[in-house]
Each structure stands twice: as structure tokens, then as C-alpha cells.
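Asker: Here it is, the structure in full.
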Amino acid sequence: MKKLGLYFHIPFCNSKCLYCDFDSHVSAYKERHSYIDALIKEIKLAKEKYDLKKYTIDTIFIGGGTPTVLDNDLLEKLLFEIDGNFSFSDDLEYSIEINPNSIAEEKIKILQNSRINRISIGLQSANEVELKSLGRSHSYADFENTYSMLKKHGFDNISVDLMMGIPNQNLNSYKNTLEKVLKLEPSHISSYMLIIEDGTPFADMYEKGLIKVDDDFTLELYDYTIDFLKSKGYEQYEISNFAKNGRKCRHNIRYWKVNEYLGLGQSAASYINRARFSNSDKDYVQSISNNIIPITDYALQTEKDLYEEWIFLKLRMNEGIIIDEIDEKFGMNFKENYAKVLKSLKNRNLINDYKHSLSLTREGFKISNSIFLELM
């Protein structure tokens with residue numbers, strides 16, 4: 001059977017962070033209840049529409065927002081329906097995102113009673129001042145308590161999200177965050193560079209000169225992250241992601257390797273049958289109640305689209321592009337076609353140009369978007 005990943009979007013959170021441009025908002029129980037009913041109905045509609053019985057599900061990711069802000073009855077209801085409606089592979093990776101202040105022991109027991117076997121915790125920083133500057137509604141103590149409860153209930157595949165380039169962050173505060181987190185021995189670390197996204201409070205503050213972004217300093221933190229995590233046994237396998245003992249996020253790897261996945265819930269994106277599309281973020285519940293999945297931005301990929309995605313996504317990973325694969329996939333001689341560009345990139349120490357593969361160096365990762373453009 002063909003393999004497929006599933007993404008479920010929960011657009012609710014306790015409070016909106018100042019940097020966040022994701023589809024998420026604070027909600028009341030009635031709205032959450034209606035949304036989960038619609039999401040469960042979409043599962044049934046999607047099974048028929050995409051003939052999902054021909055797929056085995058090998059990765060699931062429940063994201064948001066913060067999925068664990070769902071009331072216990074709604075979370076339990078959703079997990080029950082997911083468990084009962086699909087065929088799963090024996091090595092299923094099943095992740096859920098949580099925030100430290102959105103989960104208590106009773107809710108962890110609900111996760112424990114499902115197939116979920118991987119937890120992603122949004123910490124961002126161990127520094128209380130930095131957490132407040134981001135608009136986070138939790139403390140580091142909340143994170144430690146959550147982490148301890150998860151371990152107590154048998155969750156041993158835990159990822160922690162961190163952030164570099166937070167306003168007024170310094171090297172010592174970032175080092176302290178890494179050192180504190182690594183004492184807990186998570187299996188995975190994601191450390192992202194802060195990006196000021198249009199339409200966010202941070203964008204407005206940046207325009208008014210209330211916060212500053214130092215890109216050069218953020219790149220210093222990036223260098224430190226790579227070296228420090230490597231010294232502690234973490235393998236960098238993607239620009240911002242590091243895993244210990246091989247516990248890479250297989251669901252995210254599915255995106256970077258241009259493999260199929262189906263998104264359910266408002267604004268959730270999909271890639272299936274060589275088409276990319278998203279669910280609308282408007283009137284989602286109403287559309288589902290009318291037995292219509294509100295698909296928008298549907299685009300069947302051309303060869304050019306697919307080639308550009310291979311470059312853009314596969315080069316995000318340390319393993320990069322396998323030359324034989326890209327030559328066979330697109331009927332080309334990649335190294336010959338891009339000989340001048342590759343020579344220039346290699347001379348600038350931006351790529352590793354091996355006989356059978358091509359990948360970005362550390363310096364290449366820092367300016368990856370410009371390299372992608374040179375290869376398109």
C-alpha cells in the first residue's frame with residue numbers, strides 16, 4: 001500500500017504570541033466543539049474523496065495553534081476518531097504539539113491512551129524576560145513541570161522548540177537556555193531564527209523602532225547551536241533541526257522529501273496525487289456541515305514546479321540531493337546543466353559537491369534561499 005502522512009490543524013491557543021502569523025486564535029468552548037465536530041466529519045469526507053483505504057498512514061502531526069488547549073472531552077473525541085478511521089503502519093510516528101501551560105496530568109493520560117508517541121513542546125527560551133518579550137504565556141518552570149509529567153507517563157520521544165534572535169537576547173542567555181534544556185536529554189531540538197512576519201504585532205513594533213533584529217548576531221547563535229548540539233551527540237539533519245539517536249521527525253522529512261501528505265482542518269495544506277491545495281480558513285465549519293471540503297489554491301504541479309520544489313525542499317536537509325535521482329526524475333544531467341553555478345557555489349564554500357550528491361555547507365544554510373534561486 002502507498003504511504004501517506006496526515007496533518008490535523010487545531011487553530012486555537014491560550015493567547016496569541018507577538019511573532020506568530022499562523023492561523024490561530026483564542027476561542028470559547030462552543031467554537032472549539034463545533035470545530036472538532038467539523039474536523040471529525042472532514043475525516044469521513046476525505047476518506048471517500050481521496051480513497052484513503054489504499055493508503056497506510058505512517059506519520060501523523062497534530063499542530064496549530066496549540067492542540068492541547070482543546071478541552072479533555074474534545075481532545076479525547078478527536079484522538080478516538082483518528083485511531084478508528086485509518087490503517088496505520090507498524091512504525092507509525094504520531095506527533096502532537098503542546099505548550100507548557102496547556103496541559104495537565106489528566107490530559108497527558110488522554111495522550112497516553114492514544115497512539116501518540118512523539119511530543120513537540122514549544123518552549124522558545126528558558127529566560128523569563130525573553131518569554132515575556134515574545135508574548136509567551138508560560139514560564140520555564142511550567143516547561144520543566146510539563147516535561148517531567150510527560151516522562152513520568154512514558155513519553156520518551158520529546159522535541160523542544162527554541163528560538164534565536166529574540167529581541168534583547170544575548171549569547172549568555174541563549175547558552176543558558178540550551179544548557180538547561182539539554183540537561184533534560186530531549187530526543188530532538190528545533191532552533192529557529194526569529195522572522196518578523198507581516199501582520200504580526202512584532203512587525204508593527206519593528207516598524208516603530210521598538211524592537212531590533214540583528215541578523216549577524218543571530219547567525220552567530222546559529223553557529224553556536226550547531227557546534228554545541230554536535231558536542232552533545234545531536235545530529236543536524238535539516239537547517240533548523242537536530243536529533244539524538246536517530247530520532248528525526250519523519251513527518252517533517254516527508255515534506256522535505258516531497259512525499260504525499262493530507263491536511264485536515266481549516267487552512268491545512270496538502271500534497272496528494274501531484275496536486276498542492278489547502279483548506280480555506282474561512283467558513284470551514286459551515287462548508288463541512290454542507291458536506292463540502294472547502295479546498296482553495298488547488299494547483300496540479302508541472303515538471304517545473306516539481307523540480308523547483310525538489311531544489312527548495314531537499315536542499316534544506318543535510319543529505320541534500322541525490323544526483324542520480326534528480327537526473328532520472330527530470331530527464332536531465334543536473335551537474336552538466338548547472339556546471340557554472342555549481343562551480344561558483346563551491347568556490348564560495350556554499351555547497352558540498354560530491355560525486356553522487358549535492359548538499360549545502362553550514363555557510364550555505366545561512367543563505368539557503370539565495371542558493372535555491374541560483375539553481376532554478
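Asker: Under 17 Å from the Cα of LYS175, which lysines turn up, not counting those fewer than eight places away in the same chain?
Answerer: LYS183, LYS230, LYS232
Asker: Which GluC sites (Glu not before Pro) from region 283-376 combine a DSSP loop assignment with at most 15 other Cβ atoms within 10 Å? Don't skip to the answer; put the middle values down first.
Answerer: Working: sites: GLU303, GLU308, GLU309, GLU319, GLU325, GLU328, GLU336, GLU363, GLU374; in loops: GLU319.
Here the sparse-neighbourhood loop sites are GLU319.
Asker: Go through region 150-224 and name the trypsin sites (Lys or Arg not before Pro) that are in a DSSP coil and have 16 or fewer other Cβ atoms within 10 Å of their Cβ.
Answerer: Numbers: sites: LYS151, LYS152, LYS175, LYS180, LYS183, LYS208, LYS212; in loops: LYS183, LYS208, LYS212.
Answer by residue number: LYS183, LYS208, LYS212.
Asker: Something else: Can you compute the modelled spin-label distance between ASP297 and ASN337, with each label point 7 Å from Cα toward Cβ, in nm?
Answerer: 2.6
Asker: Distance cut-off 31 Å, Cα to Cα: go down the list LYS49/LYS314; LYS44/LYS152; LYS54/LYS366; LYS49/LYS335 and report the pairs above it. Don't skip to the end; give the middle numbers.
Answerer: On the way: LYS49/LYS314 29 Å; LYS44/LYS152 35 Å; LYS54/LYS366 40 Å; LYS49/LYS335 41 Å.
Result: LYS44/LYS152; LYS54/LYS366; LYS49/LYS335 exceed 31 Å.
Asker: Distance from a point 7 Å along Cα→Cβ of ILE226 to each backbone N in region 323-351: keep the residues under 12 Å and list them by number.
Answerer: Under 12 Å, as judged by backbone N against the label point of ILE226, lie 349-351 of region 323-351.
Asker: If amide H atoms are built 1.01 Å from N in the plane of the peptide, which residues on other chains or at least 5 residues away come under 5 Å of the amide H of MET164?
Answerer: Here TYR192, MET193, LEU194 satisfy the definition.
Asker: Report P(r) for region 1-69: all Cα-Cα distances, bin width 5 Å, range 0 to the bin holding the largest distance, values in whole percent.
Answerer: Pairs per bin, as whole percents: 4, 14, 21, 21, 16, 13, 8, 3, 0.
Asker: Still on this structure: Given region 304-376, what whole percent of its Cα pairs are spread farther than 17 Å?
Answerer: On the way: 892 of 2628 pairs.
Roughly 34 percent, once rounded to a whole number.
Asker: Follow-up. Aspartates and glutamates near LYS329 by alpha-carbon distance under 19 Å, same-chain residues fewer than 8 away left out - which ones?
Answerer: GLU260, GLU303, ASP305, GLU308, GLU309, GLU319
Asker: If I take R0 = 30 Å and measure r between the Cβ atoms of ILE367 and GLN112 in this structure, what FRET efficiency does the formula 1/(1 + (r/R0)^6) give, to the nearest 0.05? Walk me through the numbers before you get to the answer.
Answerer: On the way: r = 43 Å, r/R0 = 1.44.
Working from the Cβ atoms, E equals 0.10.
Asker: Now for a separate question. With the crude spin-label approximation of a point 7 Å out along Cα→Cβ, what separation in nm comes out for THR56 versus ASP156?
Answerer: 2.4
Asker: Can you list residues whose amide H is under 5 Å from SER267's amide H, if they're 5+ apart or on another chain and H is modeled 1.01 Å from N?
Answerer: Close amide H contacts, sequence-distant or interchain: ASN279, SER280, ASP281.
Asker: Amide H neighbours of LEU6 under 5 Å, at least 5 residues apart or on other chains, H built in the peptide plane: list them.
Answerer: THR59, ILE60, PHE61, LEU262
Asker: Tell me, what ³J(HN,Hα) does each residue in region 9-14 have, in order and in whole Hz, if you take phi through Karplus 6.51 cos²θ - 1.76 cosθ + 1.60 with θ = phi - 60° and put x for Gly and Pro?
Answerer: Result, ordered by residue: 9, 10, x, 10, 8, 6 Hz.
Asker: To continue, here is another question. Out of the DSSP beta bridges found with both residues in region 2-255, what percent are antiparallel (nearest 5)? Mind dumping the intermediate values first?
Answerer: On the way: 7 of 37 bridges.
Here the share of antiparallel DSSP bridges comes out near 20 percent.
Asker: Related question: Determine, from the Cβ-Cβ distance of LYS212 and GLU325 and an R0 of 51 Å, the FRET efficiency 1/(1 + (r/R0)^6), rounded to the nearest 0.05.
Answerer: Details: r = 43 Å, r/R0 = 0.84.
It comes to 0.75.
Asker: Note the direction-averaged projected area, equal to a quarter of the hull surface, for the Cα convex hull of the chain, in nm². Write down the numbers at each step before the final one.
Answerer: Values: hull surface 76.3 nm².
Mean projected area for the chain: 19.1 nm², to one decimal.
Asker: Place a +1 charge on the Cβ of each Lys and Arg in region 6-160 and a -1 charge on the Cβ of each Asp and Glu, then give the dipole magnitude about the Cα centre in debye, rounded to the nearest 20.
Answerer: Values: 18 positive and 24 negative charges, 47 e Å.
Charge dipole of region 6-160: 220 debye, to the nearest 20.
Values in this text are rule-based calculations from the coordinates and carry no lab data. Since we're looking at a predicted model, the values are computed, not measured. With ideal geometry, Cβ positions are generated from the backbone for all residues, glycine too; neighbour counts draw on all protein chains shown.
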